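Bear in mind these aren't lab numbers, they're just calculated from the coordinates by the rules spelled out. This one's a predicted model, so the numbers in the text were calculated from it and none came from an experiment. Don't worry about glycine lacking a Cβ; one is built from the backbone with ideal geometry, like all the others, and counts go over all protein chains shown.
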Amino acid sequence: MKGMHGLRRFAMGLATVTAVAACGDSSGPKGNDTIDPAQAAVVGQEAAGQIADIASDLTTLNASSGGLGSGLFAPGAPGNRVARIIGRSLPSQYQAQFAAFAAPDAECLPVVSGDTLDSDLDGIINNVTLTFGPGDCAYQDSLGNGFAVTGAFTLQDTDGGSTLWGFAVDYANFRVLFYSDSTSAGYEFDGGYDATVTAANATANQNFIARWRVNGNPVLRADYAWGVTFLPDTGSLDPGQGELQSGTFDITGDYSWSGNFGQADGDWSFTVSTPTPLHYNESCDTDPELDGGQVRAAINGRNNIGFTVDYGPGCGQETVNTFDTNAT
Ligand SMILES: [Ca+2]
Ligand SMILES: [Ca+2]
């Protein structure tokens, strides 16, 4: 179990700054062609947090708690990824509302359609769509603090053929609003992500947009179009073990950031790769449980400028740096 929990901690540990995003024009960011260290610290931490989240999808090989109603967004439940992403950026003033949202007994009663069976008993429903009408998943206390969920998402068990374990999620105008009597923080998700485990490897892909608004005004937008492939150092993968052995993560794809959060105000679009695969070490006791590897994010059209996230040589060591190979 250590590996599974360890990587989940790795995800939490990296996710100190968030993701989520903003608005701006829908054609995607294509503005800034340089990035300074202060900006990279914010944008790079967000990228690292999201990468850790993708990786953690491969280590949580069952949906062990929650259901389609109460506790839908609790740890281990089908909707918990939403809570993880939101939790990285939500201002502290909404902690009480967030706790209610992600509580194991939070009452959500969306309209459920599709095949609600879990034929292989792994906690992932065969194929359902959850649609949240007004009041279906909402809470408000006596002081006027609350949350409300609207929109829809689908959840599908993708086992079959060589896929020993897998799922796919797709959002449609899915929104979560946290509010007080005078302020609000809203999150919007569109697009999807999936995870697939075979005997030979494990893969997880994201292709979605997250937006974050404060008091109705766009703050940040993040576009994720990337994936990871995990290869074990030795042996083959067995979802039945519920545990990830040591191995490497390769990352490829694109990541964009648009908005103003922390010290990063601008529009960046990056091509992301791992010149040296990230090495996950199940014996690490410090987050992140990686002892080597590098994530390289190069500004699109400016392959010589960007930032890197380096791991190791010891467990839990992570460094964000900028690079400009023309300048040196
Ligand atoms: Ca299932
Ligand atoms: Ca399954």
Problem set entry | Kirkwood-type radius of segment 159-310, with distances r between different C-alpha atoms, in Å | 17.7 Å
For this session: Return the single residue from L237, L278, L121 with maximal mean-square fluctuation; model: Gaussian network over the chain, springs between Cα atoms under 10 Å.
Result: L121
Problem set entry | Amide H contacts of L72 (H built 1.01 Å from N, under 5 Å, at least 5 apart or other chain) | G67, C108
Exercise. Between N260 and Q245, what is the label-to-label distance in nm when each label sits 7 Å out along the Cα-to-Cβ direction?
Worked result: 5.2 nm
For this session: Quick one: which residues, 5+ away or cross-chain, put their amide H under 5 Å from the amide H of D291? H built at 1.01 Å from N.
Result: H279, N281
Exercise. Rounded to the nearest 20 Debye, what is the dipole magnitude of the chain about its Cα centre when Lys and Arg each give +1 and Asp and Glu each give -1 at the C-beta?
Worked result: 620 debye
Exercise. Farthest toward the dipole's positive end in segment 150-242, which of L231, Q241, F153, given Cβ charges of +1 (Lys, Arg) and -1 (Asp, Glu) about the Cα centre?
Worked result: F153
Problem set entry | Calculated from backbone phi, Karplus (6.51, -1.76, 1.60) coupling profile of segment 283-288 in Hz, x at Gly/Pro | 8, 5, 10, 10, 7, x
For this session: Determine the gain in length on full extension of the stretch D120-N303; use 0.36 nm per residue of separation and subtract their C-alpha separation, reporting nm with one decimal.
Result: 61.3 nm
For this session: Helix by helix through the chain, keep the DSSP H runs that span 15 Å or more along the axis on Cα and average at least -1.0 on Kyte-Doolittle, and give those back in order.
Result: 2-14, 37-57
Problem set entry | Per-residue ³J(HN,Hα) for segment 209-220, Karplus 6.51 cos²θ - 1.76 cosθ + 1.60, θ = phi - 60°, Hz, x for Gly and Pro | 10, 10, 10, 10, 10, 10, 6, x, 9, x, 10, 9
Exercise. Ranking D53, D136 by Cβ neighbours within 10 Å, fewest first, what do you get?
Worked result: D136, D53
For this session: With label points built 7 Å along Cα→Cβ from the Cα atoms of D136 and N321, find their separation and express it in nm.
Result: 5.0 nm
For this session: Determine how many Å³ per residue the convex hull of the Cα atoms of segment 2-324 encloses.
Result: 125 Å³
For this session: Work out from phi, with θ = phi - 60° and the Karplus expression 6.51 cos²θ - 1.76 cosθ + 1.60, the ³J(HN,Hα) of each residue of segment 133-138, listed in order in whole Hz, and give x for Gly and Pro.
Result: x, x, x, 5, 8, 8
Seminar exercise, completed: Projecting the Cα atoms of G135, I125, S89 onto the charge dipole of segment 83-136, where Lys and Arg contribute +1 and Asp and Glu -1 at Cβ, the residue farthest towards the positive end is S89
